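Enquirer: Here it is, the structure, as structure tokens.
Nothing in this text is a laboratory measurement; each read-out follows from the coordinates by a stated rule. Predicted model only: the values in this text are computed from it and were never measured. A quick note on method: Cβ atoms are made from the backbone with ideal geometry, for glycine too, and the neighbour counts reach across all protein chains shown.
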Amino acid sequence: LAKVLEHEQDLPSCTPDGHVMPLMVNTGLAVDAVGVLKPRISGVGLYRTEVPFMITERFPGEQEQARLYREQLEGFAPLPVVMRTLDIGGDKDLPYFPINEANPFLGWRGIRVTLDHPEVLMVQLRAMLRASDGLGNLQILLPMVTNIDEVDAALRLLDRALIELAEEGIHLARPRVGVMIEVPATLYQLEALAARVDFFSVGSNDLTQYLLAVDRNNPRVAELYDSCHPAVLAALAYLAQEVTRLRVPTSVCGELAGDPAGALLLMGMGFDALSMNAPSLPRVRAAIRRVSLASARDLVDQTLAMPTSREVRSYLGKCFSDWQ
Ligand code: PEP
Ligand code: MG
């Protein structure tokens, strides 16, 4: 099987009935395999900027960040690179910026932190913009969005960063901006969000955690944490239908996208692209190359009718035993 997968790595991510499913990668630190990876993907669907922040001893300055971001943007150019603004809090703590809370996943996290510290967000936005000069492949993603006001505030800061840079002689167009769909509240604000941003990226890890009220890192409730829970699948199917209606390009960057059966479900629901850790690419590509879009849609219909994750999982297991 490994040999078959290796052989297929350079073939298109296309179903037998001709549907092309763009595959992207999730990155954090420098990726060494850019040369090998680049021809096999459509871009970086999620660059987690907090990862480099976690290994420094203080907030990296604008120059330092710009150098890191330039490496990513240049390495993958002309492919798009979606850079997410700092998503700390929850399980991701910076040693030099401790956050101690009783309920960190429901607390000060992602955009809530960076909007309370606009000086941190401004440095990051300026560094991203600076790094993108002359490349044009930067896209900016906002994590943990709950309210429209947060998006408006972040866009205002982005516009301010663009004006500042222009005053310094660096003239840039506003990059495409997207919102993570990972707090369930965003599912019911899609129209207002669509009026403000250019794309969505679905964080199925957090969407699952928040829909099911299950801490994604607590081993005691690990069995309850399940992206194939009928409520999660129903939410994802609803989301895919709505973003199609609203014509907002939407990819999925949570773990579900890197699971072959999950990837087929997401394709069948109608999402535009899947972003995953690089090691997941071969199996997902192989699954897509073997299952038609029509069968994936059928799979969605079948699973949406199942009342328990146990049934969903056992059905998917039977269908894809070769690819798990
Ligand atoms: C997610 O929540 O699914 C996601 C991709 O973001 P993270 O895992 O970094 O929270
Ligand atoms: Mg998340």
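Enquirer: Given Cβ point charges of +1 (Lys, Arg) and -1 (Asp, Glu) and nothing else, what value in debye, to the nearest 20, does the dipole of the stretch 37-90 about its Cα centre take?
Expert: Roughly 240 debye, rounded to the nearest 20.
Enquirer: When the helix-only estimate is applied to the chain (DSSP H runs of n ≥ 4, each -39,500 (n - 2.57), divided by the residue count), what is the mean residue ellipticity at 222 nm, nearest 500 deg cm²/dmol?
Expert: -13500 deg cm²/dmol
Enquirer: Lys/Arg Cβ at +1, Asp/Glu Cβ at -1, dipole of the chain taken about the Cα centre: which of Leu157, Val291, Pro104 is farthest positive-ward?
Expert: Value computed over the given set: Val291.
Enquirer: Are there trypsin sites (Lys or Arg not before Pro) in the stretch 213-248 that DSSP puts in a loop and that have at most 11 other Cβ atoms within 10 Å, and which ones?
Expert: Filter output for the stretch 213-248: Arg247.
Enquirer: With unit charges on the beta carbons (Lys and Arg positive, Asp and Glu negative) and the dipole taken about the Cα centre of the chain, which residue among Pro95, Ile181, Gly18 sits farthest to the positive side?
Expert: Gly18
Enquirer: If you don't mind, there's one more thing I want to ask. Within straight cross-link reach of Lys92, meaning Cα distance under 29 Å, which lysines are found once same-chain residues fewer than 8 apart are removed?
Expert: By straight Cα distance, Lys92 reaches Lys38.
Enquirer: Find the eigenvalues of the gyration tensor of the Cα atoms of the stretch 135-268, then list the square roots of 5 times those eigenvalues as equivalent ellipsoid semi-axes, largest first, in whole angstrom.
Expert: They are 31, 16, 14 Å, listed largest first.
Enquirer: Order these by the 10 Å Cβ neighbour count, fewest first: Glu57, Glu311, Glu191.
Expert: Going from sparsest to densest Cβ surroundings: Glu57, Glu191, Glu311.
Enquirer: Here's a follow-up. How large is log10 I(q)/I(0) at q = 0.09, 0.10, 0.12 Å⁻¹ when the Debye formula is applied to the Cα atoms of the chain, each weighted equally and without solvent?
Expert: Ignoring solvent entirely, the Cα scatterers give -0.46, -0.57, -0.83.
Enquirer: Also: Taking the Cα centre as origin and putting +1 on Lys and Arg beta-carbons and -1 on Asp and Glu beta-carbons, what dipole magnitude results for the chain, to the nearest 20 debye?
Expert: It works out to roughly 660 debye.
Enquirer: Could you list Thr15, Thr85 so that the one with the fewest beta carbons within 10 Å of its beta carbon is first and the one with the most is last?
Expert: In order of increasing Cβ crowding within 10 Å: Thr15, Thr85.
Enquirer: Separate question: In the chain, what percentage of the DSSP-assigned beta bridges are antiparallel, given to the nearest 5?
Expert: So the antiparallel bridges amount to about 10 percent of the total.
Enquirer: Lys3: which aspartates and glutamates have alpha carbons under 16 Å from its alpha carbon, excluding same-chain residues fewer than 8 sequence positions away?
Expert: Cross-link targets: Asp322.
Enquirer: Let me ask something else about it. Going by C-beta contacts inside 10 Å, put Glu6, Glu71 in order with the fewest on the left.
Expert: Neighbour counts put them in this order, fewest first: Glu6, Glu71.
Enquirer: Where is the GNM fluctuation largest for the chain (alpha-carbon springs, 10 angstrom cutoff): Ile111, Ile170, Ile41?
Expert: Ile170
Enquirer: May I pose another question? Taking amide H atoms as placed 1.01 Å from N in the peptide plane, list the residues 5 or more away in sequence, or in a different chain, whose amide H sits under 5 Å from that of Met24.
Expert: Answer set, sorted by chain and number: Ser42, Leu274, Ser275, Met276.
Enquirer: Please identify every one of the GluC sites (Glu not before Pro) in the stretch 129-181 that sits in a loop by DSSP and has no more than 15 other beta carbons within 10 Å of its own beta carbon.
Expert: Sparse-neighbourhood loop GluC sites (Glu not before Pro): Glu168.
Enquirer: Under a GNM of the chain (C-alpha, springs under 10 Å), which listed residue has the highest mean-square fluctuation: Asp87, Asp226, Asp17?
Expert: In this elastic network of the chain, the residue with the biggest mean-square fluctuation among Asp87, Asp226, Asp17 is Asp17.
Enquirer: Still on this structure, I have one more. Hey, can you list the DSSP H helices of the chain whose Cα span along the axis is 20 Å or longer and whose average Kyte-Doolittle score is at least 0.0?
Expert: 118-132, 148-167, 230-246
Enquirer: I've got another one for you. For the chain, with the dipole built from +1 on Lys and Arg beta-carbon atoms and -1 on Asp and Glu ones, taken about the Cα centre, which of Leu265, Leu236, Met83 lies farthest toward the positive end?
Expert: Leu265
Enquirer: May I pose another question? Apply the a/c threshold of 1.5 to the C-alpha gyration tensor of the stretch 238-307 and tell me whether it is rounded, prolate or oblate.
Expert: It is oblate, given that a/c is not under 1.5 and a/b is not larger than b/c.
Enquirer: Here's another thing I want to ask about it. Each residue of the stretch 173-189 in turn: what ³J(HN,Hα) in whole Hz from Karplus with 6.51, -1.76, 1.60 and θ = phi - 60°, glycine and Pro shown as x?
Expert: 7, 5, x, 5, 10, x, 10, 6, 9, 9, 9, x, 4, 5, 4, 9, 10
Enquirer: Now for a different question. What is the ratio of the Cα radius of gyration of the stretch 49-138 to 2.2 N^0.38 Å, where N is its residue count, to two decimals?
Expert: Expressed relative to 2.2 N^0.38 Å, the Cα Rg reads 1.13.
Enquirer: Which value in nm describes the separation of the simple spin-label points at Ser292 and Arg220, placed 7 Å from the Cα toward the beta carbon?
Expert: 5.0
Enquirer: Another one. Can you compute 3J(HN,Hα) from phi for each residue in the stretch 88-102, using the Karplus curve 6.51 cos²θ - 1.76 cosθ + 1.60 with θ = phi - 60°, rounded to whole Hz and x for Gly and Pro?
Expert: 9, x, x, 8, 10, 10, 9, x, 8, 9, x, 10, 10, 9, 6
Enquirer: Quick one: length gained pulling Lys3 to His171 fully straight, 0.36 nm per residue minus the C-alpha distance?
Expert: 55.6 nm is the gain from fully extending Lys3 to His171.
Enquirer: Spelling out what I want: for every residue of the stretch 135-141, take phi, set θ = phi - 60°, compute 6.51 cos²θ - 1.76 cosθ + 1.60 (Karplus), and round to whole Hz; glycine and proline get x.
Expert: 9, x, 10, 7, 10, 10, 10
Enquirer: Using a 10 angstrom cutoff on alpha carbons, build the Gaussian network for the chain and name the most mobile of Gln65, Gln209, Gln241.
Expert: Between Gln65, Gln209, Gln241, it is Gln241 that shows the largest mean-square fluctuation.
Enquirer: With Rg and the Kirkwood Rh both taken from Cα atoms, where does Rg over Rh land for the stretch 282-324?
Expert: Rg/Rh: 0.98.
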